[in-house]
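Have a look at the structure below, then the notes.
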Amino acid sequence: MLRGFIQKARRAVRKPPAYVARRLIAEISASTERWRAPWRRRRITGRSICAMFGAQSVDDLWNRLLATEVLPARIRDPLAHERLCPGDRERVLALAEAAVAHRVQFLGTPVHELGDRIDWHTDFKVGATWQPAFFRDIEYANLDRPSLRTSATVSRPNKSSNPGYAPILMRTASIGRAPWKRPCG
């Protein structure tokens, strides 16, 4: 630990003072986020959100959101989509169905079924699990576990939680189908 501190100090001496000050402030800010985030979360209530958006109640806010047109009519026209992207309908529907069914494929890996209940703390490829923790406490390099040194990564669970599927689902809406709308029960 002392050797690491000395190496960082040597690098800091070679940097301009303004850079060192900005970096120090950023590090302090990131480290104190452990206590500031829960404090902010406690301040966010239904009443505070309604006040922020000028709504009378949470139900009023939801009704306003539901009444909002998300996609312009010209984008939701299935015929226009087919005209612009001939034969794209089946590909888009397959991608949307995969997203809704929690089937993922990243960077050439085989398709993986995440299941009904997704474990957001497990790298599905190698089975390594990270306990929920403050981001500064997560061990990103698994040097003590040789089998995981090169293959396990926190980024895979992070990628599977990414809202990157939203554009696919929106495109599905543009061709007149919404696979995520399923009857309850």
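Restricting ALA133, ALA55, ALA98 to those that are of a type in the set (Gly, Ala, Ser), over 18 Å from the mean Cα position of the chain (by Cα) and either modelled with pLDDT of 80 or more or outside any helix (DSSP H, G or I) (or both) reduces the list to ALA55.
Consider segment 104-118. How many of its residues are surrounded by 15 or more Cβ atoms within 10 Å (Cβ to Cβ) and not in a loop (DSSP other than H, G, I, E, B)? Residues that pass the stated criteria total 2.
It is to be established whether one or more residues within segment 33-42 are closer than 17 Å to ARG136 by Cβ and among the aliphatic types (A, V, I, L, M). Yes, because at least one residue in segment 33-42 is closer than 17 Å to ARG136 by Cβ and among the aliphatic types (A, V, I, L, M). The numbered conditions (1) at pLDDT below 80; (2) part of a helix (DSSP H, G or I) are all true for LEU61 except (1). Can you find a residue that is closer than 23 Å to ASP137 by Cα, of a type in the set (S, T, N, Q) and either at pLDDT 85 or above or in contact with a strand residue (DSSP E or B) (Cβ under 7 Å, 6 or more places away or on another chain) (or both) anywhere in segment 2-14? Checked segment 2-14: at least one residue is closer than 23 Å to ASP137 by Cα, of a type in the set (S, T, N, Q) and either at pLDDT 85 or above or in contact with a strand residue (DSSP E or B) (Cβ under 7 Å, 6 or more places away or on another chain) (or both).
LYS125 passes every criterion in (1) surrounded by 11 or more Cβ atoms within 10 Å (Cβ to Cβ); (2) part of a loop (DSSP other than H, G, I, E, B); (3) modelled with pLDDT of 80 or more; (4) not hydrophobic (A, V, I, L, M, F, W, C) apart from (3).
Under 30 Å from the mean Cα position of the chain (by Cα), modelled with pLDDT under 90 and in a helix (DSSP H, G or I), is that true of ARG47? Answer is yes for this residue. Looking only at residues in segment 66-93 that are loosely packed, with under 11 Cβ neighbours inside 10 Å and not in a loop (DSSP other than H, G, I, E, B), the one that is modelled with the lowest pLDDT is LEU66.
The values are calculated or read from the model by the stated rules, or taken from the named source; none is laboratory data. Worth saying up front: this structure is predicted, and the values here are computed from it rather than measured. Neighbour counts run over all protein chains shown; Cβ positions are idealised from the backbone, glycine included.
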